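Every number here is computed from the coordinates shown, using simple stated rules; none is lab data. Here the structure is a predicted model, which means the values were calculated and not measured. Cβ atoms come from the backbone with ideal geometry, glycine included; neighbour counts cover every protein chain shown.
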Amino acid sequence: MSKVALSPANPANVPAMKALLEAHHLPAVELEDWLEHFVVAERDGRLIGCGGLELYAKDLAGLVRSMAVDGDLHGTGVGSSILEWVEDHARELGVRHLLLFTMEAGPFYERHGYDLVAYDAFPPSARGSFQYRWVEEHGKEWGVVAMAKDV
Ligand SMILES: CC(C)(COP(=O)(O)OP(=O)(O)OC[C@H]1O[C@@H](n2cnc3c(N)ncnc32)[C@H](O)[C@@H]1OP(=O)(O)O)[C@@H](O)C(=O)NCCC(=O)NCCS
């Protein structure tokens, strides 16, 4: 496989990121607002993955979000590289506690050291996030789990 390059996201990446998220039925809400904390993966000039963080630095917490890899490349390590970039980025910012919601990728995050937590393990400042508000209302019926890791 030709080389996959990771780089910080920039505004020109947004349309391809949104298309990738949409293809995986993931919300792109407020993506532009958090773009400086996102990474993109590209191969042969094509965007094939992304992932990033929302920052709730008052609580030194980061919400991992919008992790997606082109379906043809699932299981080839791209998602792990993206997650490692996101975790390094959090450490560089002094953020030590990462949280996330997922419906189907629990085993992927478990392999990366994330543990299941209760929804209310989310710190107060992160509860204003779009994801938390949605999960609070619909999470149980959709089988959404919350996970966390200290980095
Ligand atoms: C989750 C995702 C980003 C992982 O990226 P990836 O490039 O496939 O991951 P990697 O190749 O680095 O790691 C793959 C490992 O995670 C596991 N894994 C990945 N997604 C999984 C899923 N949905 N369910 C179970 N295991 C999963 C694979 O089985 C594999 O484990 P193995 O090496 O023991 O076989 C990618 O599968 C994806 O885009 N999924 C759809 C969107 C999604 O659910 N995003 C998460 C939103 S929170």
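Miscellaneous remarks
- When only alpha carbons are used to place a centre, the stretch 8-73 and the stretch 128-143 end up 19 Å from one another.
- Reachable aspartates and glutamates from K58, criterion Cα separation under 20 angstrom, eight or more residues apart if same chain: E30, D33, E36, E87, D88, E92, D120, D150
- Rg to Rh, two decimals, where the chain supplies the alpha carbon set and Rh follows Kirkwood: 0.94
- Arranged from fewest to most other beta-carbon atoms within 10 Å of their beta carbon, S129, S7, S81, S2 become S2, S7, S81, S129.
- Computed over the stretch 1-140: relative contact order in percent, which uses C-alpha pairs under 8 Å that are six or more apart: 20 percent
- Global form of the stretch 19-58, assessed from the alpha-carbon gyration tensor, a/c cut-off 1.5: oblate
- Inter-label distance, D150 to N10: 3.8 nm, where each label sits 7 Å from its Cα along the C-beta direction.
- Angle between the chain longest axis and helix 130-142 axis [Cα atoms, degrees, rounded to 10]: 80 degrees
- Judged by the mean number of other Cβ atoms found within 10 Å, the most tightly packed of the peptides 19-31, 92-104 leads the ranking 92-104, 19-31.
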